[in-house]
Amino acid sequence: MRSLDTSILVALLAVILINLCYAKPLQNEPSQIDAILGRSKRCADYNEGHNSEEATANPRYRRRPADMDPRDVNCDGTSDSGFVSSRQFRSISNHIREEEGCEYYVYDAQPKNPNIQDWTIGYGFSMARRSTFKRLLPEVNYNDVRRGRTPITQEQADRLFINDLPSFITTARDLFTNFDVLRLDVKTALVDGVYRGEHVSTHRTVSLINQGRWAEASVEYIDRDDYRDAESNGISGIRDRMDRNAATMRQYGEDLENGKFVEDGETC
């Protein structure tokens with residue numbers, strides 16, 4: 001009996017020694033804490049160069065909103081959600097969802113326009129983007145949805161929308177040179193316009209905004225055929241939506257002239 005106990009003990013010791021020999025040395029692997037500390041050090045180095053007297057005095061240098069979760073932000077004040085904080089991303093997302101509304105069955109977004117059949121679903125997702133639809137919703141039969149036989153669910157509409165929104169935010173950032181330092185309500189209005197296809201690099205509105213001529217930009221923005229023809233094309237709500245965006249531009253220009261850079265705790 002004693003020899004059996006000894007054999008078991010020897011076997012256990014052998015297993016332990018084998019594991020110790022072949023185990024990956026933990027000291028060579030950076031821990032999650034080390035990664036966080038390294039990130040904090042990099043951000044501290046970055047911030048040191050951006051907290052000079054000039055930077056703190058000039059609101060245009062204040063890139064990172066005070067409420068931004070440091071886990072969601074890169075050192076330059078951007079996040080993985082399209083160069084805005086997670087809070088800002090949620091705010092912009094909620095605004096566009098509310099403006100767009102959500103449709104589970106396909107519909108024509110311009111029902112009275114004889115020149116266009118704009119088949120749309122969810123939060124303004126164009127059914128012309130067949131490959132994207134099939135990639136994001138592989139469990140759904142595209143043809144059945146396109147022909148109005150089958151609806152999509154709320155979760156599927158969210159999937160289409162969340163896939164698209166970061167690219168629209170990035171496009172807005174590319175179009176508008178000062179996008180990073182704009183107030184949240186202005187960012188939201190600009191992304192909303194990009195989402196609807198209203199802003200492209202060749203438009204005068206974009207040029208005026210980049211020159212800081214906000215009052216003129218607010219007028220130029222609604223000087224377009226789809227605004228004028230909205231009611232006849234069966235999309236009268238677009239006028240109200242664009243009027244709200246124009247009002248945001250105009251108000252921001254007035255605030256800049258009056259030296260007002262911060263509102264509701266949001267840093268420019």
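The values are calculated or read from the model by the stated rules, or taken from the named source; none is laboratory data. Treat the numbers as computed from the prediction; the structure is a model and nothing was measured. Positions of Cβ are backbone-derived with ideal geometry, glycine not excepted, and every protein chain shown enters the neighbour counts. Heavy atoms of the whole protein, side chains included, go into the accessibility calculation; ligands, DNA and RNA do not. Shrake-Rupley method; radii C 1.70, N 1.55, O 1.52, S 1.80 Å.
Can you report the number of residues in the stretch 88-139 which are among the acidic types (Asp, Glu) and either farther than 16 Å from Gly193 by Cα or touching a Cys at 6+ places or on another chain (Cβ under 8 Å) (or both)?
4
Which condition breaks for Arg149 when tested against (1) touching a helix residue (DSSP H, G or I) at 6+ places or on another chain (Cβ under 9 Å); (2) crowded, with 17+ Cβ neighbours inside 10 Å; (3) of a type outside the set (Asp, Glu)?
Of the numbered conditions (1) touching a helix residue (DSSP H, G or I) at 6+ places or on another chain (Cβ under 9 Å); (2) crowded, with 17+ Cβ neighbours inside 10 Å; (3) of a type outside the set (Asp, Glu), the odd one out for Arg149 is (2).
Condition first: surrounded by fewer than 15 Cβ atoms within 10 Å (Cβ to Cβ) and more than 17 Å from Arg97 (Cα to Cα). Now tell me which residues in the stretch 169-206 satisfy that.
Going through the stretch 169-206, the residues surrounded by fewer than 15 Cβ atoms within 10 Å (Cβ to Cβ) turn out to be 174, 177-178, 197, 200-202, 204.
Hits for the stretch 169-206 are Asp174, Thr177, Asn178, Val200, Ser201, Thr202, Arg204.
Check Leu137 against each of (1) within 24 Å of the chain's Cα centre (by Cα); (2) among the hydrophobic types (A, V, I, L, M, F, W, C); (3) more than 22 Å from Ser85 (Cα to Cα); (4) open to solvent by 40 Å² or more (accessible area, probe 1.4 Å) and name the one condition it does not meet.
Of everything listed in (1) within 24 Å of the chain's Cα centre (by Cα); (2) among the hydrophobic types (A, V, I, L, M, F, W, C); (3) more than 22 Å from Ser85 (Cα to Cα); (4) open to solvent by 40 Å² or more (accessible area, probe 1.4 Å), Leu137 misses just condition (4).
Tell me yes or no: at least one residue of the stretch 166-185 is among the basic types (Lys, Arg), part of a loop (DSSP other than H, G, I, E, B), in contact (Cβ under 8 Å) with a residue 60 or more places away in the chain and touching a helix residue (DSSP H, G or I) at 6+ places or on another chain (Cβ under 9 Å).
Yes, the conditions are met somewhere in the stretch 166-185.
How many residues are within 23 Å of the chain's Cα centre (by Cα) and either surrounded by fewer than 19 Cβ atoms within 10 Å (Cβ to Cβ) or not hydrophobic (A, V, I, L, M, F, W, C) (or both) if we restrict to the stretch 208-217?
Residues in the stretch 208-217 being within 23 Å of the chain's Cα centre (by Cα) and either surrounded by fewer than 19 Cβ atoms within 10 Å (Cβ to Cβ) or not hydrophobic (A, V, I, L, M, F, W, C) (or both): 1 in total.
What's the number of the condition Asp108 fails, among (1) open to solvent by 30 Å² or more (accessible area, probe 1.4 Å); (2) modelled with pLDDT of 95 or more; (3) over 16 Å from the mean Cα position of the chain (by Cα)?
Of the numbered conditions (1) open to solvent by 30 Å² or more (accessible area, probe 1.4 Å); (2) modelled with pLDDT of 95 or more; (3) over 16 Å from the mean Cα position of the chain (by Cα), the odd one out for Asp108 is (2).
For the structure I just gave you, tell me whether Arg173 is of a type in the set (Lys, Arg), closer than 20 Å to Ser85 by Cα and under 20 Å from the mean Cα position of the chain (by Cα).
In short, yes.
Could you list all residues from the stretch 100-119 that are touching an Asp or Glu at 6+ places or on another chain (Cβ under 7 Å) and either not acidic (Asp, Glu) or not in a strand (DSSP E or B) (or both)?
Of everything in the stretch 100-119, those that are touching an Asp or Glu at 6+ places or on another chain (Cβ under 7 Å) and either not acidic (Asp, Glu) or not in a strand (DSSP E or B) (or both) turn out to be Ala109, Gln110, Gln117, Asp118, Trp119.
Test each condition in (1) at pLDDT below 95; (2) open to solvent by 30 Å² or more (accessible area, probe 1.4 Å) for Cys268 and report the one that comes out false.
Here Cys268 meets the rest and fails (2).
State which residue is nearest to Asn178 (Cα to Cα) when the search covers only the stretch 197-221 and only residues that are in a loop (DSSP other than H, G, I, E, B) and in contact (Cβ under 8 Å) with a residue 40 or more places away in the chain.
Here is the first cut: in the stretch 197-221, the ones in a loop (DSSP other than H, G, I, E, B) are 197-203, 211-213.
Filter once more, so that each one left must be in contact (Cβ under 8 Å) with a residue 40 or more places away in the chain: 198, 212-213.
Numbers: Glu198: 18, Gly212: 9, Arg213: 13 Å.
That would be Gly212.
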